[in-house]
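The values are calculated or read from the model by the stated rules, or taken from the named source; none is laboratory data. Treat the numbers as computed from the prediction; the structure is a model and nothing was measured. Methodologically, a virtual Cβ is constructed for each residue, glycine included, from the backbone with ideal geometry; neighbour enumeration extends over all protein chains shown. The area values use the complete protein model at the heavy-atom level, side chains included, leaving out ligands, DNA and RNA. Shrake-Rupley method; radii C 1.70, N 1.55, O 1.52, S 1.80 Å.
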Amino acid sequence: MSRPRETEEQLPLTPAMFHVLLALAEEEMHGYAILKEVERRTEGKVRLSAGTLYGIIKRLNMEGWIVESSKRPAAGLDDERRRYYRLTEVGRRVAVSEARRLEELLEMARSKKLFSKPKLA
């Protein structure tokens, strides 16, 4: 599978950047929710510090891969200091390209018998 040319130069992503894009793939989130989603999805194996996260958010925003959302939860369910972020279409394409790149690496590892395919039930 080939990756779109526009995203080719952006790869590989750091694991932390990829985790942030994955966290935003299905819904908008504020920073703390992103931290918790990454930790939950990785079963605690990846824990981003606030400094790391906000550095990544700044970079992803500058690249145009995420944007601050104008949508907000109801006032009683929100803290006005929170900033919510969402994935852009370009950000989604970059995340898909990185996933495909990782899939290709995994296939190479399998071809060298470093990793076996999971058995289907």
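Side notes on the structure shown:
- Extended-chain gain in nm, criterion 0.36 nm per residue less alpha-carbon gap, Glu27 and Tyr54: 7.9 nm
- Gain upon complete extension [Val90, Phe115; 0.36 nm per residue less C-alpha separation]: 5.8 nm
- Highest-fluctuation residue, Val67, Val20, Val46 considered, GNM on the chain with Cα pairs under 10 Å: Val46
- For the stretch 14-121, applying the loop criterion from DSSP together with a ceiling of 15 other beta carbons within 10 Å to the trypsin sites (Lys or Arg not before Pro) yields Lys45, Arg47, Lys71, Arg81, Arg82, Arg83, Lys112, Lys113, Lys119.
- Among the listed pairs Lys45/Lys113; Lys36/Lys71; Lys45/Lys119; Lys36/Lys113; Lys45/Lys112, those beyond 30 Å (Cα-Cα): Lys36/Lys113
- When the solvent-accessible area of the chain is split by element, carbon and sulfur atoms take up 54 percent of it, the probe being 1.4 Å.
- For the chain, the share of alpha carbon pairs falling in successive 10 Å distance bins from zero is 12, 38, 32, 14, 4, 0 percent.
- Here the Gaussian network model covers the chain, with springs between Cα atoms less than 10 Å apart; of Ala109, Ala25, Ala50, Ala109 fluctuates the most.
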